[in-house]
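This report refers to the structure that appears directly beneath it.
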Amino acid sequence: MHEVAIIEELIATVNEECQKNKIDKVNVIKLGVGRLSGIVPHALEFGFTAIKNGPLLEHCNLIISEIKPVYSCNDCKFSFSTNELCYTCQNCESRNVRLVEGEDLILECIEGKGA
Ligand SMILES: [Zn+2]
């Protein structure tokens, strides 16, 4: 399952960050999930609850927000956000647009308590 690999990587990153910042217990992890990433937020939450273990993540809540796709036009430099897949600039109608945001999973924030 795709989501399991993602969660394992996420937990590894959180562990690392917590060691660096001397955090013993994580209360909240905030994630941004790109709408075009193909990741199902619900599956991610479910998987996280199943996989998380140990005192660090025991009481942790995963909060997922969706990131809308953002496009940038290579011709007029206009950038715009839309809920849909888009191939045409909303400003100049050029088809020379590229996706700059919305395919990624972003770890936005870790909230926790230190020793
Ligand atoms: Zn344009």
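No lab work stands behind these numbers, since they all come straight from the coordinates. The structure displayed is predicted, hence computed values, not measured ones. Every residue, glycine as well, gets a Cβ built from its backbone with ideal geometry; the counts of neighbours run over all protein chains shown.
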GLU8-GLU93 pseudo-label distance in nm [points 7 Å out on the Cα-to-Cβ vector]: 5.0
Extension gain from LYS20 to GLU58, taking 0.36 nm per residue of separation minus the Cα-Cα distance: 11.8 nm
Normalised alpha carbon radius of gyration of segment 62-113 [divisor 2.2 N^0.38 Å]: 1.45
Alpha-carbon Debye profile of segment 1-41, log10 I(q)/I(0) at 0.16, 0.31, 0.34 Å⁻¹: -0.50, -1.13, -1.21
Helix 2-20 vs. the chain, principal-axis angle (Cα, 0 to 90°, nearest 10): 60
Furthest towards positive pole of dipole, ASN96, ALA5, ILE23, structure part the chain, Cβ charges: ILE23
Using a Förster distance of 35 Å, the FRET efficiency for ASP75-ILE106 (Cβ separation, nearest 0.05): 0.80
Fraction of the pair-distance distribution of the chain above 22 Å, Cα-Cα pairs, percent: 44
Degrees between helix 41-51 axis and first principal axis of the chain (Cα, 0 to 90, nearest 10): 20
